[in-house]
Every structure is written in structure tokens, then in C-alpha cells.
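Below: one structure, written as C-alpha cells.
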Amino acid sequence: MNRFEYSRAETLGAAVGAEGALLAGGTNLLDLMKIGVATPERLVDISRLSLDRIEESAGGLRIGAMVRNADIARDPQVLARYPALAEALLSGASAQLRNAATTGGNVMQATRCSYFQDPLSPCNRRAPGSGCGALGGATRNHAVLGWTEGCIAVHPSDMCVALAAYDAVVEITGPEGLREVPMEEFHPLPDAEGSGAAPLAPGEIITHIRLPDPRALARNARYVKLRERTSFAFAIVSAAAALAIEDGVITEARLALGGVAARPWRCRAAEAALKGQPATAASFARAAELATEGARPSGDNAAKIPLAQRIALRALERAAAGTPERLPALPASVFAGDDNG
Amino acid sequence: MDDLMNMQGQGHVRLGSSAGQALTRRDGILKVTGAATYAADNRPDGLLHAVLATAGIAKGRVTHLDVAAAEAHPGVVKVYTPQTAPRLAVSPDEKIHPFVWRMETLTDDSVRYAGQPIALVLAETLEAATEGARLLAPRYETEAHGVTLDDAEPFETDTTAFGRPAGHSSGDVDAARATAARHVSTTVETSQQYHNAIEPHAITARWEGDRLEIDTPNQAIGLSKQTFAAFLGIDPSQIVLRSPFLGGGFGSKAILYGGQMLAILSARDLGRPVKLVLRRDQMYGPVGHRAPTRQALQIDLDAEGNIAALEHDTVTLTSTFDQFLESASNASHSLYAAPNLRTSHRGRRADVGTPGPMRAPGEAPGSAALEIAMDAAAQAAGMDPLEFRLKNYAESDPSTGMAFSSKGLRECYAEAAKLFGWAERSAAPRSMRQGRLLKGWGMGTAQFPCPMFQAAAHATLRADGSAVIETSAADMGQGAWTALAQIAADGLGIDIDKVEFRSGHSDLPDAGVAGGSGHTATAGTALFNAGADAVRQLAELATNDPASPLFGAGNAGVTARSGRLYRNDDERSEAYEDILARAGLELVRGEGTGAREGEPDRAMFSHGAVFAEVLVDPDLGQVRVSRLIGAFAAGRIVNPRLARSQLLGGMIWGIGMALQEEAVHDTRSGRLTNADLAGYHVPVNADVPMIEALTVHEDDPFVNALGIKGVGEIGVTGTVGAIGNAVWHATGVQPTRFPIHPESLI
């Protein structure tokens, strides 16, 4: 690990504009430093900033960037109004990591693309202009949507998939003041040269994630995640679905996919196709097909496209069945559903 | 010997006191309180931290290392490269015994696999050494490489792992095939796997003049001391090797590797203690792995469903500079009644580190393929998988004709099948459901040999009635500290709380290797014999002493129990301490050995039957092992609690091998893409919802005097095939490769 300076920002004012890498829970950045992928000369510790509350906000919630993942997942208001967010969080990482990882850190975590994590491989994301090492390599876990020859990595977060489905907004403070970006668009998609522009400008910091009033979506929302082991594994594909259903008719639909692109992938065409339709298997099947519109394999991962459609279908079916009183013991698991007898 | 762990009971919960009792671990409190000292916990004064720089290419040579940059980094003390590294006393390729692989000690600039050590950096802190290694920024001249089973031509070989013959033939397979009613051909591939012990490979080395002290986790302390001495050119008596605890070994800590030698050489060169701890990613290369296999099985059946011929061929990989070939085909030698039997192995060479023994080497992948082939044959015969296996039950070892020393496999089948509810299985694939999920039931037979190695032990009875037992056993977590003490207590005829166990230290009598599932049998026999020898001496003292109530009873006329000798002809007895006191002795010391005399004339195996239930999502292909039940016949069970733990651990290992474990190479670079525990998946608790391991009673008067077989590895065998067959039953998709991927099932 390279030598670095460490300082702690006690106030948001001190953190904004600070030069260096921001350190919160450290569950990803410190790993990257240990393997030589991140080599910051300065670390600015923001873990003690007073951004550690979940507040009511215009019918929705405003989650501070330093709230720990575990605390969001267990928050009664989150469980009652945004159950797919809680389920997504509990399906990620391990209990220990969720206790340490923060909201902002979860958003800012790096791809787990093994070529990004291997400093000996070319990687436009890590070393702009060096090329994409993953293209033509071991690509079973790579993107099928929104990728370019510049980068085929996927964003690993479960939380962000649910946040995107809920129309969450990322609140950012920088030297130039405040700005807001929808979660859905926060992570840049790659361009021909590489992974795209950085989501944050130098000196900027995420302060909050704002969730709008879920209204009727609260009752019918689920997250489902496909993976080879039941816990402590990133998604092969995942999906968050939330539905508003009145008298058997879908009045509003949200659908986002995880594990398929460099950002949580909001399935707008599928959502539009569901609106006004009966909440039936046929409606969901049509929507699931639309969920991967434009998808194409980036390598050895063609199977991800049907899997993504099927996980979308499963999430829609589960959401339509209603959010359970309690989250299942195996959150988001394929095997956790009431639909499995 | 003051530095030895005193394993006398320190607040542990004692549930039993001798062999057969489910005693809790004697070292449990030490481990859960952090008081147990592992190799990397040692911090001698003046310690230097060593970090390996490893190769980023699979083949070629290192053309440049920026030694100046590394040595300029604050805290870096020394950088060793092929130009400057201290040398072993003998060639790094010296084969002083069969369990020696090339000692990669920076003797030249060639690169033979990705992850090969190419330099060693020593510094005052771990951080400085780590950064120094990074600053070396090696440049290479690369050559074309290959890392997979498809990258080289097979070579013929006479031997596989451990010098076993590479082929076997009995009967006439071709003649039997010509007249067989049915022919079933099966191919199965298994992946490259890594041991992934949670404790990384570590060594702390310190020289005091010509005396070398080593703390390193090791599965074969006596042999390793000899090996270190031979490569260093010193006398074994100059070496102390301590290995009281291992955080898992699974075979990878039985074989010494060059990094350990480099730490020792640099400690001598620099005159300071040196510690080298591998990073997780560095454990994927220089310290062994299980090679991938491609296995082809042919089973020929007669009209009644009897196996007429069985043929099993394996192609597997080894490195370009050493040979360890996974002996997978041997799994077919002794399990099913095949009157005509042919097995073979071929090797290929790839630009990878040398494979090595990994929990159930040969048997694990071999059993996985054999059990799939057996289900294919059962289907061809139109029989239930269990019925088919019972029909082809081997009453004697088909490869040798020898009788089994004991074989409780029928009882295993019956017990496990009953508990599982196998009779309710519906035969057709995709015929069982749970809600929307496909449900499948599969089974496999487990089998593992019962080798014995060489062990010696001392058992000393002291004037106060307590005892010290000594043998340099290796506790990898399996429970040697506890199980061996139980056997020793029985040998001495005293309560286990009076037994102080000294172990894990090379000054003690050699307990042999903790491997091959033979450690408890071998070291236990030595300890039992040592105890019996001490009791014999006591009995001689007492029965020849007119002042003793035992006078005149003769050696055969007394029995030892609970710290006393009892006459067999009346009620009189005398305490050990009274016998010693009257004789004016502080102690008596017994000595014992454990080994198998001569060539066995019986086939010696543990057996078992494993039944698996899987649920498979028909749309998404995800598999969950919802129930896993095994019954095992493994001779005398020394400690049911520890044995069950070993068996469950083996079965869980099988879940990983069946569904998860797989090292993935980038074939272009030759590097692994998942060399960490985030990318290389092993099962987590949530993957094991219901699991049980039973043992059935088995008396074996032939395997050794104590009737002990072994439980360390057999749980892996049978399980992988059982899960594969359950997936097949659930989905109708015959497994051709492990691990089974979800996308292969949709």
C-alpha cells in the first residue's frame, strides 16, 4: 500500500472541497488500496459527519450519507414504505459489512470487475486509455446492457437498484453548491473511450439520498437476486419491482435490473407497458420481455439476458402478490418466496 | 519445553473422558478467547516483515525489477532477487522424498506460472514491505503459455499422485463389453480448486547461532523438519519447528514451499527474525491446488443390471516442472463389483503452479464422476439408483480380490435411506415439485482408504498420578488435541483431566502426517501403545513388590482403570501414585509406535452413503441443497462430536465442489480472475439448511488394534455425486461438469 496522509473532516464544510479520497465505512476503498487499485495520496475521513439520520421529507424519507446499510435495512419507516430497499440491502454483503458500510459508500462503491481489480490488466475505468481488459476475457459476470467496447463492467450494488426503482434522488454538495441527480442516472454509462465521466466532480460529496413518497407502491414491492450461493455473493442478475394496483389494474409500475449494466437499469419500456394493464401473468410476461430491450452479450454472458428477463418477471410476480408482513429469512432469495410452497 | 501448550483442562466443558465420548475440544477456550497462538501471532524482537513479489505473467522471464525504487522506500531493509537471494544447500529441484515439490527460491529469472515468487522484500513493517514489493514493477519477456486442459498434449505416465500406479486392469474389459447388454458412456469435468484455509500460509523464522526456530502451520512436523534440514544443509537437531495450531490445512500445509525457505534463508542472511505471511491472492499459485480433471467412464451391463465391465479414464493437469496427477480413476477400483475393470490416467502440462493433495485427492473428483456414471447406468438398467448400487455391491475388493477388513456400507445405505425417506422417490426426472420449484433426490456412495503412517509417542506417568503424553501431532481444526488425548487416557487407564498433552512441536516424537485421514489411527495407536507400555512398567513394579496388594498377580493378572491397577482375581487394587512412591520413582515413561505391519491382506476402507435433496428454480436455474444426509461406517469413532463435525465439514465441502468452487483463468494472461474469497465461492451457512451425518457401528479387528479408520475426507466423496444426481433428477439435465452453473439448467 502506498503511503498516504489521513485527515478527518469534522464538518460538512471541511469535507466539501477537500482534496483526496473520501473514506466512510472503508469496506471497499481500503480493499482497493490494499490490492493497489486505489492509490490515494490523501484520505479524508468523513465517517463522523452528522449525516447519520433518516428523516421525514415531504411524504418521503431523506437518508443521510453516513447512515449504515444495516440501519437503513432495519428502519421501521423503510420497512413499511420501501420494503424492496430493505430487502435489497439485506441481500448484499454480510452482516459485518452492512454494519460498517454507509449509504454514500454503497453508491460510490467500485465495480467488482476482476479486470478493474487487477492492476496488471488494462482497464479504462482504472487507467483511462489503457483499453478494456475484460473484453474477450472471462466475462460471465459482465454487462449486457449499456456497455461499449470501452467498458463492460457492471455496478455491484443491490441498494442502488431498489433506489433507482423508487425514483430516489442523490443530493450532492460541492464547492459550487448543491445539486441533485436521480439515482437512475447517477452512475455514468460507458462511452466509446471508457467508463464515462466521474459521477462526482472533485470536492463534491454525497450528503443524502432522498426517497419520494411511495404512495401505493409501498404495498407491492420486492427485490429478487440470482446468485450461486445464498449469501455473501454479488448478483448474477437481480431485479427490484414496485407496483401500484387498484382494482386489479396496474396504475403505476417500477422495474429496475441489477447486475446487467454499469448502473442500476431502469426498465422504462416495461413500466410503460404495464401501466393500465391488469395485474396478470400475461402482463408481467410481456413486461419482462421488454425489460432487456437493447440487451446484447458483451462476451461469454448471453445467458444473462434470459435470466434478467426471468428475474424481472419473478420480481413483478412477487410484488403483485404483495409485500410480506416480514422480510423472508433469506432476503431476495429465489428460494425465499411464498410462491415456492 | 516450557513454551509448549499445556493442554490440561482449563475450564472446558467435559462431557466424557475417554475414547467413544463426545468430549468438547480441549483447545476450544484457547481458540475462542484468542489465546491460541498461530504462527503469524509470533512477534520476536527485531522482527522483519517479508512480502513476496509474484509474477504477473504465466510464462517467460523477468527482465527488470526496480530494486532501487523498492530499497529507497522508507522502512525497506532488503530486496532479494535471483541475483542476490541466499541459496539453498541443494538444488531447488532436489527430491529428498516423494512429498517435495520444487522449492521456488529465486534461483533464476524464469517464470513458470502466474503468481510464482520472483522477489522477496524485507522491511521494518508489513506496510513498507508490501509497498516495496509493489514498487519493484517487474518487466517481462513473455512466452506463449497454456493454463487449461485443452492447452497441451497428454503424456503417458507410470504413476499418479503419491507414486500410485497410473493404471489398473483386471479381467478382460474388451471381451466383457463385446457381449454386454448395455453400454453407458459418461464424461464429467471437474474444476481447478484451491484449499483456501482461513489461516494463510505463514512462517516466523529465527536463528540463534546455528539453531533455527520456526513457527509455521504444518501437517507433517517430523517430515518437514527433515526436509528443512536437507534443503538448508544443517542437521535436523538444529531445528525446532512449532505448529501447535493450524487454521485449516486440507493438504496445502503438508507440502513445504519455497517461501518458507526464503524466510529462513533471509533471517540467517540478515541476522534478524523474519515473518512471511501470504496474502489471500498469493495462496492461489505457490501452495498447491486441486487440478481440473476430464473423466470418461464406460459401464457395461448384463441383461440383469449387473456391471460386466467398468472403465475409468482421467486426464488432468500438472505443472511444467513437477508432477502431481489427481488420481481420480482410482475411485473406481474398490467400490462396485466390476469383474472386469480398467482404469487409466494421463497427464498434461500447463503453466500453472504444481497441484497437490487437497482434501480427498483423487477420490473427490473421481467419486463425483463415478457416481454420475452409476446413475446413468441405473437409468439404462431401469433401476432405482440405490437398488442398482446394492445389486452391484462389492463383497470383496474388485481390483485385488481381497476381502474387506470391514464394510458397513449396507447399513449406511439402509440408515441414511430410511432417515431421508428415499423409498418415496419418484423415478422420473422432473417428476417431483415443491411449489413452483423442481425437487430432485440423488445419492452417492462414499469411500475412502484407511492408510496408516509411522508415528511414535511417549506417555509418562508422574508421581502425583497425572500423566504427560507427547507426540508431535498436527491439529488442523479436526480435533487432534482432544481425540488423541482421549486415546492416550485410555491407554494409560487414567481420567483425561489428568492428561497433559504436548504436541505440535518437533522436539517431540514424530506423529507422522496429518493427512490421508490416517492421523488419528496412526498417532492414536502410538499414544495408546505408549500408555500401555507405561502401565506395563507399573504393573511389573507392583506385581513384583511384596508390599503391594498386587504382588504375585502377574502382568496378565491386573487391569488398569481410573488411575489404579486392579487384580483380576479379587477386588484388591492400588493407585499409580502409591506404586511409584513405594518404588521411589518420580515417573515411569512408556514408549509406543503406530504403524501397520507388513502388506495388508485385506482391503481397508471407510464407507458411507449420502442422500441429497435439491430444489431448483426451473426458470432461473439456481440450486439449493435443501437436505443432505449421510451415514458412514468408519470403524471405531473416537469422539462422536468431532467425527460428526469432520463428516459434516466434508459434506459441506461437497456442496461447494458440486455447485460453487471454481478457479477461473483469463486464458490470455494466464492469471486467475477470482483469486480471493469474494470471487472464489465456498458455501456459507445459508447454503446448508439441513444436514446430518450418522455413523453406523463397525468393528474392524484388522485395520489396526484400536479399530480406528478415519473421517477427515470421506464426507467429500459421495456427496458431490449425490448432489449432481439430485440436480439431474430434478431437472432432467445430466451433469457433465462441476460446479453446476445455473445457466446450464435453464
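The values are calculated or read from the model by the stated rules, or taken from the named source; none is laboratory data. Fair warning: this is a prediction, and the values are worked out from it, not measured in the lab. Every residue, glycine among them, receives a Cβ derived from its backbone with ideal geometry; neighbour counts consider all protein chains shown.
Give region B:126-153 a look and list any residue that's assigned to a loop (DSSP other than H, G, I, E, B) and either away from chain A (no Cβ under 12 Å) or crowded, with 18+ Cβ neighbours inside 10 Å (or both), or say none.
B:Leu136, B:Pro138, B:Glu143, B:Ala144, B:His145, B:Gly146, B:Val147, B:Leu149, B:Asp150, B:Asp151, B:Ala152, B:Glu153
The rows are residues; the columns are (1) assigned by TED's automatic domain parsing to the domain that holds B:Ala220; (2) surrounded by fewer than 21 Cβ atoms within 10 Å (Cβ to Cβ).
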{"site": "B:Leu262", "(1), (2)": "yes, no"}
{"site": "B:Leu278", "(1), (2)": "yes, no"}
{"site": "B:His289", "(1), (2)": "no, no"}
{"site": "B:Asn306", "(1), (2)": "no, yes"}
{"site": "B:Leu310", "(1), (2)": "no, no"}
{"site": "B:Leu335", "(1), (2)": "no, no"}
{"site": "B:Pro339", "(1), (2)": "no, yes"}
{"site": "B:Ala350", "(1), (2)": "no, no"}
{"site": "B:Gly353", "(1), (2)": "no, no"}
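Restricting attention to strands (runs of 3 or more DSSP E) lying wholly within region B:448-541, give those where 3 or more residues are more than 27 Å from B:Ser573 (Cα to Cα) and either assigned by TED's automatic domain parsing to the domain that holds B:Lys225 or hydrophobic (A, V, I, L, M, F, W, C) (or both).
Strands (runs of 3 or more DSSP E) meeting the threshold: B:455-462.
Please go through region B:380-405 and give me each residue that is outside any loop (DSSP other than H, G, I, E, B), over 16 Å from B:Ala308 (Cα atoms) and either touching a residue at least 24 places away in the same chain (Cβ under 8 Å) or in contact with a strand residue (DSSP E or B) (Cβ under 8 Å, 6 or more places away or on another chain) (or both), ordered by number.
To start, the set of residues in region B:380-405 that are outside any loop (DSSP other than H, G, I, E, B) comprises B:380-381, B:385-391, B:393, B:396, B:403-404.
Checking which are over 16 Å from B:Ala308 (Cα atoms) leaves us with B:385-387, B:403-404.
Selection gives B:Pro385, B:Leu386, B:Ala403, B:Phe404.
Can you pull out the residues in region B:656-677 that are facing chain A (nearest Cβ under 7 Å), assigned to a loop (DSSP other than H, G, I, E, B) and hydrophobic (A, V, I, L, M, F, W, C)?
B:Val664
In this structure, does A:Val237 turn out to be touching a Gly at 6+ places or on another chain (Cβ under 8 Å) and touching a residue at least 40 places away in the same chain (Cβ under 8 Å)?
For A:Val237, the condition - touching a Gly at 6+ places or on another chain (Cβ under 8 Å) and touching a residue at least 40 places away in the same chain (Cβ under 8 Å) - is met.
Could you grab the pairs with beta carbons closer than 7 Å, sequence gap of 6+ or different chains, first residue in region A:74-85 and without any contact (Cβ under 8 Å) to a residue 24 or more places away in the chain and within 11 Å of A:Ala221 (Cβ to Cβ), second one of a type in the set (D, E, K, R) and assigned to a helix (DSSP H, G or I)?
Taking only residues 6 or more apart or on different chains, not a single pair turns up.
Looking at A:Arg266, A:Arg314, which is the one that is touching a residue at least 12 places away in the same chain (Cβ under 8 Å) and buried (at least 24 other Cβ atoms within 10 Å of the Cβ)?
A:Arg314
Looking only at residues that are under 43 Å from the mean Cα position of the chain (by Cα) and surrounded by 15 or more Cβ atoms within 10 Å (Cβ to Cβ) in region B:562-573, which one is nearest to B:Asp464 (Cα to Cα)?
The qualifying residue nearest to B:Asp464 (Cα to Cα) is B:Gly563.
Between A:Ala84, A:Ala93, which is part of a helix (DSSP H, G or I) and not charged (D, E, K, R)?
Just a single option satisfies the conditions, and that option is A:Ala84.
Identify the residue in region A:93-121 that is in contact with a Phe, Trp or Tyr (Cβ under 9 Å, 6 or more places away or on another chain) and within 12 Å of another protein chain (Cβ to nearest Cβ) and, among all such residues, is farthest from B:Val684 (Cα to Cα).
My answer is A:Ser121.
Considering only region B:601-620, I want to know if a residue exists there that is of a type in the set (Gly, Ala, Ser) and surrounded by fewer than 22 Cβ atoms within 10 Å (Cβ to Cβ).
no
Does A:Leu330 count as under 20 Å from the mean Cα position of the chain (by Cα), under 24 Å from B:Met432 (Cα atoms), surrounded by fewer than 20 Cβ atoms within 10 Å (Cβ to Cβ) and within 12 Å of chain B (Cβ to nearest Cβ)?
So A:Leu330 passes the test.
Does at least one position in region B:576-596 carry a residue that is assigned to a loop (DSSP other than H, G, I, E, B), of a type outside the set (A, V, I, L, M, F, W, C), under 30 Å from B:Thr695 (Cβ atoms) and touching a residue at least 40 places away in the same chain (Cβ under 8 Å)?
Looking for residues that are assigned to a loop (DSSP other than H, G, I, E, B), of a type outside the set (A, V, I, L, M, F, W, C), under 30 Å from B:Thr695 (Cβ atoms) and touching a residue at least 40 places away in the same chain (Cβ under 8 Å), one finds at least one in region B:576-596, hence yes.
Given (1) over 30 Å from the mean Cα position of the chain (by Cα); (2) closer than 21 Å to B:Gly285 by Cα; (3) surrounded by fewer than 21 Cβ atoms within 10 Å (Cβ to Cβ), identify the lone condition not met by B:Pro98.
Looking at each condition in turn, B:Pro98 falls short on (1).
Listed residues B:Pro735, B:Pro742; which is over 22 Å from B:Leu297 (Cα atoms) and either touching a residue at least 12 places away in the same chain (Cβ under 8 Å) or over 29 Å from the mean Cα position of the chain (by Cα) (or both)?
Criteria check complete, one pass: B:Pro742.
For the structure I just gave you, tell me whether A:Pro278 is modelled with pLDDT under 95, more than 16 Å from the chain's Cα centre (by Cα), surrounded by fewer than 21 Cβ atoms within 10 Å (Cβ to Cβ) and farther than 28 Å from A:Gly137 by Cα.
So A:Pro278 does not fit the description; no.
Of all residues in region A:1-32 being within 14 Å of chain B (Cβ to nearest Cβ) and among the hydroxyl-bearing types (Ser, Thr, Tyr), which is nearest to A:Phe116 (Cα to Cα)?
Restricting attention to region A:1-32, the residues satisfying the condition of being within 14 Å of chain B (Cβ to nearest Cβ) are A:1-4, A:6, A:27-28, A:30-32.
Filter once more, keeping what is among the hydroxyl-bearing types (Ser, Thr, Tyr): A:6, A:27.
Values: A:Tyr6: 25, A:Thr27: 17 Å.
Among them, the one singled out is A:Thr27.
Could you check, for region A:239-254, whether at least one of its residues is within 9 Å of another protein chain (Cβ to nearest Cβ), modelled with pLDDT of 95 or more and in contact with a strand residue (DSSP E or B) (Cβ under 9 Å, 6 or more places away or on another chain)?
So far as region A:239-254 goes, no, none of its residues is within 9 Å of another protein chain (Cβ to nearest Cβ), modelled with pLDDT of 95 or more and in contact with a strand residue (DSSP E or B) (Cβ under 9 Å, 6 or more places away or on another chain).
Would you pick out the residues in region B:256-270 that are of a type in the set (A, V, I, L, M, F, W, C) and part of a helix (DSSP H, G or I)?
First pass over region B:256-270, keeping only residues of a type in the set (A, V, I, L, M, F, W, C): B:256, B:261-265, B:267, B:270.
B:Met261, B:Leu262, B:Ala263, B:Ile264, B:Leu265, B:Ala267, B:Leu270 - these are the residues of region B:256-270 that are of a type in the set (A, V, I, L, M, F, W, C) and part of a helix (DSSP H, G or I).
Checking B:Ala686 against (1) in a helix (DSSP H, G or I); (2) buried (at least 22 other Cβ atoms within 10 Å of the Cβ); (3) within 13 Å of chain A (Cβ to nearest Cβ), which single condition isn't satisfied?
Only one criterion in (1) in a helix (DSSP H, G or I); (2) buried (at least 22 other Cβ atoms within 10 Å of the Cβ); (3) within 13 Å of chain A (Cβ to nearest Cβ) is unmet by B:Ala686, namely (2).
Could you name every one of the strands (runs of 3 or more DSSP E) located completely within region A:175-234 that has at least 2 residues being within 14 Å of chain B (Cβ to nearest Cβ)?
So the answer is A:221-226.
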